[in-house]
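Notes follow once the structure below has been shown.
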Ligand code: ATP
Ligand code: MG
């Protein structure tokens with residue numbers, strides 16, 4: 001059963017797509033069966049992995065319109081453990097139609113039921129607004145990963161998302177967790193970086209990832225060439241940081257699994273002890 005992680009923040013250009021694509025690729029390299037879903041009508045996740053209008057057979061738009069089943073919208077990538085459901089929205093009319101369909105916030109959750117057992121992780125790349133497809137993503141997700149651009153005034157967007165999560169938990173997804181706040185485009189020892197870090201740590205310390213993503217030109221270059229950074233320059237600081245993030249997320253998921261299993265392990269031990277006595 002996949003862990004579903006929504007990559008979201010109501011602010012543009014903070015590294016959501018870069019994180020979704022490179023985290024998904026890093027999980028795949030660690031041999032975790034991973035599906036990336038492009039939830040933003042710009043289609044940037046698909047483009048970052050080399051998918052264009054011509055190469056997308058059916059994507060999320062067709063699934064939401066019941067023109068294609070979710071299984072047939074899955075595209076293979078050059079990494080054997082990584083699949084993607086891209087999105088192909090070419091007109092304003094199609095965009096408006098998708099927004100209307102996404103008013104039903106349970107659409108994605110219902111579609112995913114058919115494929116959730118095929119993967120270890122499903123990563124959702126959300127748009128920078130909290131409605132429509134983002135609401136669908138947060139309704140379907142187990143947890144939310146919030147990328148925050150270093151040196152940007154970010155606290156407002158993080159506060160806004162935390163408030164939205166409370167509402168989502170009340171109306172649609174009571175077990176939604178915070179996976180973590182991820183600092184992206186980090187430039188150490190600059191005054192603005194120090195201010196961002198101080199503000200975030202004062203309020204959200206327990207949610208901060210240990211891994212930071214450095215500002216690294218290879219990440220932008222890789223997406224320009226339609227590749228995950230790991231397939232472009234595996235030794236770049238950006239690739240290594242996303243591999244480290246994947247390791248942190250896998251370790252966290254294993255801890256959660258152990259905690260879930262604990263009651264049954266304790267019960268088994270008690271039963272065994274009783275048999276011996
Ligand atoms: P949007 O809200 O528009 O969907 P986004 O939050 O998905 O934006 P990205 O598209 O991932 O943000 O990143 C914005 C820009 O910053 C891109 O040009 C990307 O290549 C660049 N970028 C992202 N992360 C880094 C990084 N760590 N170092 C350098 N450049 C980066
Ligand atoms: Mg994006």
Placing each pseudo-label 7 Å from Cα in the direction of the beta carbon, residue 235 and residue 274 end up separated by a distance in nanometres of 6.0
Using alpha carbon centers only, the stretch 209-258 is separated from the stretch 7-66 by a whole-angstrom value of 15
Counting all Cα-Cα pairs in the chain, those more than 25 Å apart amount in percent to 46
Rounded to one decimal in nm, the spacing of the 7 Å Cα→Cβ label points at residue 191 and residue 57 is 5.6
Simple SL model, points at 7 angstrom along Cα→Cβ for residue 225 and residue 257; separation in nm is 3.4
Kirkwood-based Rg/Rh on the Cα set of the stretch 32-96 evaluates to 0.95
Which of 47, 23, 133 fluctuates most in a GNM of the chain (C-alpha springs under 10 Å)? That residue is 47
For the residue 267, residue 175 Cβ pair and Förster radius 30 Å, calculated FRET efficiency rounded to 0.05 is 0.85
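Where a number appears in this text, it was derived from the coordinates with a stated rule and is not lab data. Please read all numbers here as calculations on a predicted model, not as lab measurements. In this analysis, Cβ positions are derived from the backbone assuming ideal geometry, glycine residues included, and neighbour counts consider all displayed protein chains.
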